[in-house]
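The values are calculated or read from the model by the stated rules, or taken from the named source; none is laboratory data. Fair warning: this is a prediction, and the values are worked out from it, not measured in the lab. Note that we place each Cβ from the backbone using ideal geometry, even for glycine, and neighbour counts take in every protein chain shown.
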Amino acid sequence: MKKFLFGLIMALTTINANAQFEAGKKYIDASFSGLSLTYSKQEKLRFDIDATAGAFVARDFLLFGRVGFDQKRITLEKYNQEYSKFVHEITIGVGGRYYIEQNGIYLGLGFEYGHANNGLHKYDNFYITPEVGYAFFVNQYLTIQPAVFYNMCLNNFSDASKVGLRIGLGFYF
C-alpha cells in the first residue's frame, strides 16, 4: 500500500510539473549561494544573491537572463604581505536550461560578465556557467531548486573560477 501511494504521489507531481515546461510559460527565480557554499582559491567568505527571469521558447527549453550581487572576502598580496578585503561584484548574464520532465532535473549553461573593484584596481571577468539542478514543485507554480554550479572564469581561470551550491525559489506562470 505504501508503494502504491508513493507511486501515485510521484505520478501526480510529474503530471503537475510537465504542464509548467511548455512553450510560452514564464519563469522568475531568486537564489542565493551564501555562507561559504562556494569554493574558490582566492575567496575566504562569500555571499551572493541572483535574480533570474526567463521564458520557455519550446517544450522543456528555457532561455533566461540573470543579474547578481556578490560580496566576498578575498586574500590579496601587496608588497609581499597577504591581507583580506571585502569585494563587491555585480554580474549580468544570459543562459538556457533543458528540463528532463520525467524527474525534474535540469541542465543549464550560461555566460556571465562580472565587474568589481577590490580597492587596488577594477576588474572585469567573463564566466561560462554550467549547472545541474532539480526543480522540486511545492505546488503548481512554486519550486525549490537546489543546483550545483561551476563558474569558469575565462580571463583568470586559476584564481576566479568557483564551484558551489545554489538554492533558489522559482515561480512558473
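A few points about this structure:
- One residue from Asn125, Asn151 being closer than 15 Å to Asp70 by Cα, assigned to a strand (DSSP E or B) and in contact with a helix residue (DSSP H, G or I) (Cβ under 6 Å, 6 or more places away or on another chain): Asn125
- Residue in segment 127-147 that is touching a Cys at 6+ places or on another chain (Cβ under 7 Å) and at pLDDT 90 or above present: yes
- The combined condition, being in contact (Cβ under 8 Å) with a residue 40 or more places away in the chain, over 17 Å from Ile90 (Cα atoms), out of contact with any His (no Cβ under 6 Å at 6 or more places or on another chain) and β-branched (Val, Ile, Thr), is not fulfilled by Val132.
- In segment 103-128, the residue that is farthest from Gly168 (Cα to Cα) out of those that are within 12 Å of the chain's Cα centre (by Cα) and crowded, with 18+ Cβ neighbours inside 10 Å is Glu112.
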